[in-house]
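K.L.:
Shown below is the structure under consideration.
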Amino acid sequence: MDTIQTKITIRKYFLIIAVAIGVVAAMSQLFFDVNSEAVIEVRKEQRSARKDRDAKRVMGMNILNDIHAMNVLPDSLNKKVAELFSEHQIAEKKSEILYSELVNLKNAQKIRNFPNYNSFADAIGNPILILITGILFILLYILRNSIDWKKISKAFIHLGLMYLFVASVYLIWAFSNSLEIHRAYYIVGLIFASIFAAFGLNKLTRYLFNVDFLEKEKYKKIIRLLFRQLLFTIPKKGYVKEDKMIEFTDSNNEVINKVAKEID
Amino acid sequence: MSDETHKNLDKLLNDELIDKDVKKVHQDISAKVEKQKRKLSQEINKRKSSNNDEFNELPKGLIIQLGNFEVQT
């Protein structure tokens with residue numbers, strides 16, 4: 001009894017810990033800031049230094065232009081200074097125009113608050129998978145009394161492998177040295193996950209929504225009615241003579257054995 | 001009811017092909033029928049034994065014709 005109780009307790013705690021880890025892991029992003037205080041501070045300083053640098057650069061170019069205007073340099077150097085100033089003006093203008101274009105383009109490609117479709121798809125992909133899984137579990141709960149769990153569990157191995165595959169791709173990406181993993185890994189992962197999902201859902205839907213499943217219930221009911229007539233109503237109501245009762249019962253036993261053999 | 005039939009009856013019940021009360025009634029009837037069979041069997045054996053005794057008491061050397069069959073005591 002102690003061993004059984006211990007096993008039950010271990011399983012209970014295992015389940016609780018597994019669910020807790022899953023939920024915490026899914027929400028763990030909330031516990032960490034995007035940037036630490038130190039990063040924010042240094043970034044602020046860097047931006048300030050960069051602004052200062054750019055201002056000094058413009059000032060430098062203006063001073064060069066003034067020196068050029070004073071005409072105190074040798075001709076060749078004066079010419080170079082003039083060219084440099086002109087090129088700098090052109091480059092600055094171009095940079096401003098391109099920056100403006102970039103901002104407009106980025107805004108145009110935004111999907112809700114996400115910078116682009118890639119980020120949006122990244123954010124929404126896994127929650128959709130979790131949502132579908134949730135709906136599936138609720139459906140299984142609603143149909144729990146009519147489900148042959150042994151048969152339906154054949155779908156679980158494929159779905160389990162699909163989840164393992166998807167999770168492995170993400171975990172490898174998270175722990176890999178580079179920010180992006182080769183597109184080939186994504187495609188291979190997608191292919192395998194799709195294959196397993198197809199097998200799993202095929203078995204699941206075939207069982208849950210198959211006409212055979214509903215028809216089977218109907219035929220079971222019909223057989224129960226027939227057996228009731230044969231084994232219950234006929235003998236109870238005395239439709240069989242007493243001297244024929246032995247033969248009748250033996251014949252019924254034969255039917256029982258034959259039916260049992262058929263359903264094997 | 002044989003063991004095999006008992007087992008098959010349980011199988012039908014587990015597969016929801018018969019109801020519990022139907023199984024019970026059939027088992028009760030089968031039990032009654034078994035009792036009847038045993039009684040009949042005893043009676044048959046008794047009569048057989050009695051017939052054999054009677055036959056053995058008949059004088060020897062007699063030929064008895066029963067239809068196409070001839071029996072000698």
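Derivation of every value follows stated rules applied to the coordinates shown; laboratory data play no part. These figures come from a predicted structure and were not determined experimentally. FYI the Cβ positions are ideal-geometry reconstructions off the backbone, even for glycines, and counts take in every protein chain you see.
K.L.:
Please give the charge dipole size of the protein assembly as shown, origin at the Cα centre, charges +1 on K and R Cβ atoms and -1 on D and E Cβ atoms. Round to the nearest 20 debye. Before the final figure, lay out each step's value.
P.N.:
Numbers: 51 positive and 41 negative charges, 134 e Å.
About 640 debye.
K.L.:
Please compute the average number of Cβ atoms from other chains found within 10 Å of each residue's Cβ in peptide B:16-25.
P.N.:
Values: counts 6, 12, 11, 6, 0, 3, 8, 4, 2, 6.
Other-chain Cβ atoms within 10 Å of each residue's Cβ, averaged: 6.
K.L.:
Report the Cα centroid-to-centroid distance between the range A:246-262 and the range A:42-57 in angstrom, as an integer.
P.N.:
96
K.L.:
Search the structure for amide H atoms under 5 Å from the amide H of B:Asp15, placed 1.01 Å from N in the peptide plane, and list their residues when 5 or more places away or on another chain.
P.N.:
For B:Asp15, whose amide H was placed from the backbone, there are no distant partners under 5 Å.
K.L.:
Report the chymotrypsin sites (Phe, Trp or Tyr not before Pro) located in the range A:24-126 that are in a DSSP loop and have at most 13 other Cβ atoms inside 10 Å of their Cβ, or state none.
P.N.:
Numbers: sites: A:Phe31, A:Phe32, A:Phe85, A:Tyr99, A:Tyr117, A:Phe120; in loops: A:Phe32.
Passing sites in the range A:24-126 are A:Phe32.
K.L.:
Please give the calculated 222 nm ellipticity per residue for chain B, where each DSSP H segment of at least 4 residues contributes -39500 (n - 2.57) and the sum is spread over every residue; nearest 500 deg cm²/dmol? Don't jump to the answer; show the numbers that get you there.
P.N.:
On the way: 2 runs with 49 residues, N = 73.
For chain B, the value works out to -23500 deg cm²/dmol.
K.L.:
Right, here's the next one. In chain B, if the dipole is taken from +1 on Lys/Arg beta carbons and -1 on Asp/Glu beta carbons about the Cα centre, which of B:Leu62, B:His6, B:Ala31 is farthest to the positive end?
P.N.:
B:Leu62
K.L.:
So what are the ³J(HN,Hα) numbers for the range A:107-117, from phi and the Karplus equation (6.51, -1.76, 1.60; θ = phi - 60°), rounded to whole Hz, Gly and Pro as x?
P.N.:
For the range A:107-117, the Karplus curve yields 5, 5, 8, 5, 10, 6, 9, 9, x, 7, 4 Hz.
K.L.:
Considering only C-alpha atoms, what is the centroid distance from the range B:1-57 to the range A:144-166, in Å?
P.N.:
46
K.L.:
May I ask which of A:Lys150/A:Lys258; A:Lys7/A:Lys151; A:Lys203/A:Lys258; A:Lys261/B:Lys7; A:Lys244/B:Lys37; A:Lys244/B:Lys32 have a Cα-Cα span longer than 19 Å here?
P.N.:
Cα-Cα > 19 Å for A:Lys150/A:Lys258; A:Lys7/A:Lys151; A:Lys203/A:Lys258; rest within.
K.L.:
OK, next. Give me D for chain B in µm² s⁻¹, whole number, from Stokes-Einstein with Rh from the Kirkwood sum over alpha-carbon pairs, 10 °C and 1.306 mPa s. Each step should come with its number before you reach the end.
P.N.:
Values: Rh = 16.3 Å.
Roughly 98 µm²/s, to the nearest whole number.
K.L.:
If you line up the Cα atoms of the protein assembly as shown on their principal axes, what length do they span on each, largest first, in Å?
P.N.:
Principal extents (Cα only, largest first): 170, 50, 39 Å.
K.L.:
What does the helix-only formula give at 222 nm for chain A: each DSSP H stretch with n ≥ 4 adding -39500 (n - 2.57), the total divided by the residues, and the result rounded to the nearest 500 deg cm²/dmol? Could the numbers behind the result be given before it?
P.N.:
On the way: 8 runs with 209 residues, N = 264.
One gets -28000 deg cm²/dmol as the mean residue ellipticity at 222 nm.
K.L.:
How do A:His68, B:His26, B:His6, A:His182 rank when sorted from fewest to most other Cβ atoms within 10 Å of their own Cβ? Please report the intermediate quantities before stating the final value.
P.N.:
Details: A:His68 19, B:His26 23, B:His6 14, A:His182 10.
With the fewest neighbours first, A:His68, B:His26, B:His6, A:His182 line up as A:His182, B:His6, A:His68, B:His26.
K.L.:
Restricting things to alpha carbons, tell me how big the range A:124-264 is in terms of Rg and Dmax, in Å.
P.N.:
Calculated on Cα positions, Rg and Dmax stand at 26.0, 90 Å.
K.L.:
Restricting to DSSP loop positions (anything but H, G, I, E, B) with no more than 14 other Cβ atoms inside 10 Å of their own Cβ, which GluC sites (Glu not before Pro) remain in the range B:8-46? Before the final figure, lay out the partial values.
P.N.:
On the way: sites: B:Glu16, B:Glu34, B:Glu43; in loops: B:Glu16.
Counting only loop positions with at most 14 other Cβ atoms within 10 Å, the GluC sites (Glu not before Pro) in the range B:8-46 are B:Glu16.
K.L.:
Further question on the same structure: Pick out, from A:Pro235, A:Ser168, A:Tyr207, the residue whose Cα sits farthest towards the positive end of the charge dipole of the protein assembly as shown, with +1 on the Cβ of Lys and Arg and -1 on the Cβ of Asp and Glu.
P.N.:
After comparing all options, I get A:Pro235.
K.L.:
Given the range A:28-130, report the % of alpha carbon pairs whose separation exceeds 23 Å. It would help to have the intermediate numbers written out before the result.
P.N.:
Details: 3146 of 5253 pairs.
That tail contains 60 percent of the Cα-Cα pairs.
K.L.:
Here's another thing I want to ask about it. Can you find, among A:Gln46, A:Met61, A:Ile142, the residue sitting farthest towards the positive end of the charge dipole of chain A, where Lys and Arg contribute +1 and Asp and Glu -1 at Cβ?
P.N.:
Sorting the options by dipole projection puts first A:Ile142.
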